[in-house]
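The values are calculated or read from the model by the stated rules, or taken from the named source; none is laboratory data. Worth saying up front: this structure is predicted, and the values here are computed from it rather than measured. No Cβ is skipped: glycine too gets one built from the backbone with ideal geometry, and neighbour counts run over all protein chains shown.
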Protein chains: 2
Amino acid sequence: MGTTQLEAAPEPKYWHLKTVLTDALDSEFAVGEILPNERDLAARFGVARATLRQALEQLELEGRLQRRRGVGTTVAPPRMGVAVASNDRDWPGGSADAWQAVDSTVDVPPSAVAAALETAPDTEVNVLRRTRVSHGQPVAAELLYVPVGPAPDLTAIDAASGAARARAVVRELQRLGLDGEDRAVELGSARADDAKELDRLPGAPVLVVTTRYFSRGTTAAVSVATYRADTCRLTFGDTAGVEIHHAPQTRAS
Amino acid sequence: MGTTQLEAAPEPKYWHLKTVLTDALDSEFAVGEILPNERDLAARFGVARATLRQALEQLELEGRLQRRRGVGTTVAPPRMGVAVASNDRDWPGGSADAWQAVDSTVDVPPSAVAAALETAPDTEVNVLRRTRVSHGQPVAAELLYVPVGPAPDLTAIDAASGAARARAVVRELQRLGLDGEDRAVELGSARADDAKELDRLPGAPVLVVTTRYFSRGTTAAVSVATYRADTCRLTFGDTAGVEIHHAPQTRAS
């Protein structure tokens, strides 16, 4: 009973070290505590600096550690569950979300976005920039692309740009009936402007959520939202309660 | 017109190089082609090796490049859209999915899984191991945890372990009415055993999808599925068609 053949794959040295470090994090360190420096840690665990660094990188990927310039490596709090989609269809900026309008411009979207919107290349669309804050921390930066077309009717909006216009465009979107939406999640790296809003370095791993909103038989809007991958666990469904915030552990035997 | 203040953040040198490299990938290289070595690339673009390496890492995170031991750096094909959830509720192993049963054991789950299953610590559960193949490539490795309880009724299953038992357990699960499910997506690193099945090195970035399946007022199963982050774009919703497979680009001005 309880034995398994699943663990037969050989594990590299840093992997074992990672397991040992995980136990140490659980038992000896508090959230927010600064770890000893790499030299001391390597000495304590009897490993080479390179091995230690690989293990620390893994733990950072898994959200157990945070590395901040000028601060050092600290023990991360559990990842926040951030609701991306409930089972109810919802326009961007619906009641349950905490997006804040930052800016609004009119611009030519990237070609992939133009394809998703089914607009001709070089056609300008409304580009809204929004940020999302959860538990007092920035968790996502979004570009929301809304074609200049018959629906939504944006001709009555006074503001030519800026946050006021962004809010007005979202209000007009919400007047449309929403036929459906689809969504994709993939790994990306933070652009410099997103990184700044998310308090990360450019190039940090992020989760990119691309959503298409359908209304009246066309794509009414496309959202490209960049979530911090270190602090966020994206949740989908009726409840936001999946509490498995660490990567799967090796099963106890 | 069409100018924007959003790009005011200063971009580090490797970021500019990344943009230049992206253009070169689009115009000069075919999918699968091996890039010149780092020394030659650094010389061509007039940058330090460290800067080049940072840019290559970004492009790997974004799924544009693949680095394989013994092969070198190749131009990646566009990421595959892999359907994780439709808007219809679906048991694991439903008609629309391509999971293959690998093994079945009885074991104590990790504590986070036990909490999600609401089983007491140290209680053994069925642990099914499955893999998912898409377009001929392994895309995900899953551990599916099913409590030993009144539902599903597994007492009539002959096979004590192995793939045959895993298939039988999934069949019994599918007989239960499904009340709902919820799901979380987060960044993780590949365990050695998952990495082997996914044809990756241990520690490679993965997207970990944790799903709870609810039936008859309890959690009937918990799935922890590890998707390759380099080749997969996880899709949610009615259509699987979001084709924005690269990270958002800087908008054309």
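Sort out which residues of region B:187-218 are outside any loop (DSSP other than H, G, I, E, B), in contact (Cβ under 8 Å) with a residue 40 or more places away in the chain, touching a helix residue (DSSP H, G or I) at 6+ places or on another chain (Cβ under 8 Å) and at the interface with another protein chain (Cβ under 10 Å from one of its Cβ atoms), and write them in order of number.
Of region B:187-218, the ones outside any loop (DSSP other than H, G, I, E, B) are B:187-189, B:192-198, B:205-215, B:218.
With the extra rule that they be in contact (Cβ under 8 Å) with a residue 40 or more places away in the chain, the set shrinks to B:187, B:193-194, B:197-198, B:205, B:209-213, B:215, B:218.
Filter once more, so that each one left must be touching a helix residue (DSSP H, G or I) at 6+ places or on another chain (Cβ under 8 Å): B:187, B:205, B:210, B:212-213.
Those that are outside any loop (DSSP other than H, G, I, E, B), in contact (Cβ under 8 Å) with a residue 40 or more places away in the chain, touching a helix residue (DSSP H, G or I) at 6+ places or on another chain (Cβ under 8 Å) and at the interface with another protein chain (Cβ under 10 Å from one of its Cβ atoms): B:Leu187, B:Pro205, B:Thr210, B:Arg212.
Is it true that some residue in region B:162-172 is part of a strand (DSSP E or B) and assigned by TED's automatic domain parsing to the domain that holds B:Val206? Even if it seems obvious, please write down each step before you answer.
Step one: filter region B:162-172 for residues part of a strand (DSSP E or B), giving none.
No, that holds for no residue.
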**Fill in**
Taking region A:198-217 and the residues there that are among the basic types (Lys, Arg) and surrounded by 19 or more Cβ atoms within 10 Å (Cβ to Cβ), the one that is modelled with the lowest pLDDT would be A:Arg200
**Prompt:** Which residues, taken from region B:39-61, are within 11 Å of chain A (Cβ to nearest Cβ) and polar (S, T, N, Q)?
**Reply:** B:Gln54, B:Gln58
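Of the residues A:Glu124, A:Glu172, A:Glu181, A:Glu142, which single one is in contact with a Pro (Cβ under 6 Å, 6 or more places away or on another chain) and either closer than 30 Å to B:Gly188 by Cα or acidic (Asp, Glu) (or both)? Please lay out each step first, then the result.
Working: A:Glu124 fails: in contact with a Pro (Cβ under 6 Å, 6 or more places away or on another chain); A:Glu181 fails: in contact with a Pro (Cβ under 6 Å, 6 or more places away or on another chain); A:Glu142 fails: in contact with a Pro (Cβ under 6 Å, 6 or more places away or on another chain).
The conditions single out A:Glu172.
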